[in-house]
Amino acid sequence: MKLDLFTKNNCIQCKMTKKFLKQHNVEFEEHNISENPEYIDYLKNKGFQAVPVLEENNFPIVNGFRPDLLKKLIAQ
């Protein structure tokens, strides 16, 4: 499973999502749209207007901080 987390600076939902994943030892690669604005168009093309966005194998699985969905992810 390859997880990619799209975040931005000063985003509390992004920080909470990262914290949750780290606490549960879930490996992910972070892509910060503040530092790498090329990801903004990538997310817009997929229909997203806000971060965090968590993708698995380039398929979006969680948008926003959703502990309910994140718990399902770690239960797999």
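Are there strands (runs of 3 or more DSSP E) fully within the chain with at least 2 residues that are among the aliphatic types (A, V, I, L, M)? List them.
3-7, 53-56, 59-63
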Considering only residues that are at negative phi, at pLDDT 95 or above and open to solvent by 80 Å² or more (accessible area, probe 1.4 Å), which ones fall in segment 1-15? K8, I12, Q13, K15
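The values are calculated or read from the model by the stated rules, or taken from the named source; none is laboratory data. Only a predicted model underlies this, so the values are computations on that prediction, with no experimental measurement involved. For the accessible areas, the whole protein counts, side chains as well, though only heavy atoms, and no ligand, DNA or RNA atoms are used. Shrake-Rupley method; radii C 1.70, N 1.55, O 1.52, S 1.80 Å.
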